[in-house]
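Engineer: Okay, here's the structure, questions in a sec.
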Amino acid sequence: MRTVFVAVAGPDGTQVQKLRLSVERWTIRRDRVRSAFSELFRRVSRRGDV
């Protein structure tokens, strides 16, 4: 089991997510990127910029 932290920072603060993953390194990298973009999109959508 691997623990990865993903953070997104912006004018309205910083959001940190803790991910517990049990897969190979490339899958972890892919999932980190997906998680970061998902959080970024959620924040931008909430502001109405999308």
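Engineer: If r is the Cβ-Cβ distance from Met1 to Arg46 and R0 is 25 Å, what FRET efficiency results, to the nearest 0.05?
Structural biologist: Computed FRET efficiency for Met1 and Arg46: 0.20.
Engineer: How much accessible surface does Leu40 have with a 1.4 Å probe, in Å² rounded to 10?
Structural biologist: 80
Engineer: If you roll a 1.4 Å probe over the chain with all protein chains in place, what percent of the accessible area is carbon or sulfur?
Structural biologist: Result for the chain: 52 percent of the exposed heavy-atom area is carbon or sulfur.
Engineer: Here's a follow-up. Please work out the average accessible area per residue across the chain, using the 1.4 Å probe convention, and give it in Å².
Structural biologist: Normalised by residue count, the accessible surface of the chain is 80 Å².
Engineer: In whole Hz, with x marking every Gly and Pro, tabulate ³J(HN,Hα) for the range 4-17 from phi via Karplus 6.51 cos²θ - 1.76 cosθ + 1.60, θ = phi - 60°.
Structural biologist: 3J(HN,Hα) across the range 4-17, in whole Hz: 10, 10, 10, 10, 10, 10, x, x, 9, x, 10, 10, 10, 10.
Engineer: Please give the contour-minus-distance gain from Thr27 to Gln15: 0.36 nm per residue of separation, less the Cα-Cα distance, rounded to one decimal in nm.
Structural biologist: Contour length minus Cα-Cα distance gives 2.1 nm.
Engineer: Have a look at Val23, Val44, Pro11 and report the one farthest towards the positive end of the charge dipole of the chain, computed about the Cα centre with Cβ charges (Lys/Arg +1, Asp/Glu -1).
Structural biologist: Comparing the listed Cα positions along the dipole, Val23 ranks first.
The values are calculated or read from the model by the stated rules, or taken from the named source; none is laboratory data. If you're wondering where the values come from, they're calculated on a predicted model, not measured in any experiment. For neighbour counting, all protein chains shown are included, and Cβ atoms are generated from backbone atoms with ideal geometry for every residue, glycine included. Protein only, heavy atoms only, side chains kept; ligands, DNA and RNA dropped before computing areas. Shrake-Rupley method; radii C 1.70, N 1.55, O 1.52, S 1.80 Å.
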